[in-house]
Amino acid sequence: MRMARWYSALCAVLDLRLVGIEPGPDALERFRAGDTGRPFVLVQLLRFAEGGLPKYLQYSASAQTLLRPLGAQVLYAGQCVEPLFGEGWDAIVVVRYPSRAAYLGMLADPRYQSIAQLRREALREASLLPMDDWPGR
């Protein structure tokens, strides 16, 4: 019970919504306001809708053509085989972006908008976790 309250409080502070697929305008504005111009890593925890994996793979292949010119790089993408404990996710995608502005620019790009529906149809749930490097890295 104590862990559940701690986790709920953390999610409220960080505005993590595990039942959504995309961040809303307020979350994106807070994200933009925190831009330091430094690279960051976006960890994406994904749960697929029924039959969603093929659509997500199609989206992912198309998104690659947008990432490279930005200087972004997929560091890892793969499926969960079986969680060691707790509720698992279907897949994880880890992408390093040169800045928050670059990520937001990609989201606004009409080419991205043309493939975003594939992502929406593929997923039933997602958590997007922007990560900054620790000092000294």
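The values are calculated or read from the model by the stated rules, or taken from the named source; none is laboratory data. Predicted model, so just to flag it, every value in this text is computed and none were measured. Using ideal geometry, Cβ is built from the backbone for each residue, glycine included, and neighbour counts are taken over all protein chains shown.
Looking only at segment 3-13, decide whether some residue is in contact with a Leu (Cβ under 9 Å, 6 or more places away or on another chain) and modelled with pLDDT under 90. The answer is yes, given that some residue of segment 3-13 is in contact with a Leu (Cβ under 9 Å, 6 or more places away or on another chain) and modelled with pLDDT under 90. Does segment 36-50 contain at least one residue that is surrounded by fewer than 11 Cβ atoms within 10 Å (Cβ to Cβ) and modelled with pLDDT of 95 or more? Within segment 36-50, one or more residues are surrounded by fewer than 11 Cβ atoms within 10 Å (Cβ to Cβ) and modelled with pLDDT of 95 or more. Among the residues of segment 75-89, are any in contact (Cβ under 8 Å) with a residue 12 or more places away in the chain and β-branched (Val, Ile, Thr)? No, the conditions are met nowhere in segment 75-89. Restricting attention to segment 84-121 and to residues that are aromatic (Phe, Trp, Tyr) and not in a strand (DSSP E or B), the residue that is nearest to GLY51 (Cα to Cα) turns out to be TRP89.
Looking at SER99, SER62, can you tell me which residue is free of Cβ contacts under 8 Å to residues at least 60 places away in the same chain and surrounded by 12 or more Cβ atoms within 10 Å (Cβ to Cβ)?
Working: SER99 fails: free of Cβ contacts under 8 Å to residues at least 60 places away in the same chain.
Residue meeting the stated conditions: SER62.
Regarding segment 122-131, can at least one residue be identified that is in contact with a Phe, Trp or Tyr (Cβ under 9 Å, 6 or more places away or on another chain), closer than 15 Å to LEU70 by Cβ, part of a helix (DSSP H, G or I) and in contact (Cβ under 8 Å) with a residue 24 or more places away in the chain? No: zero hits.
Just the residues that are within 14 Å of the chain's Cα centre (by Cα) and crowded, with 16+ Cβ neighbours inside 10 Å, please, taken from segment 103-115. Within segment 103-115, TYR103, LEU104, MET106 qualify.
In the set (1) surrounded by fewer than 15 Cβ atoms within 10 Å (Cβ to Cβ); (2) under 21 Å from GLY20 (Cα atoms), the condition left unmet by GLY71 is number (2).
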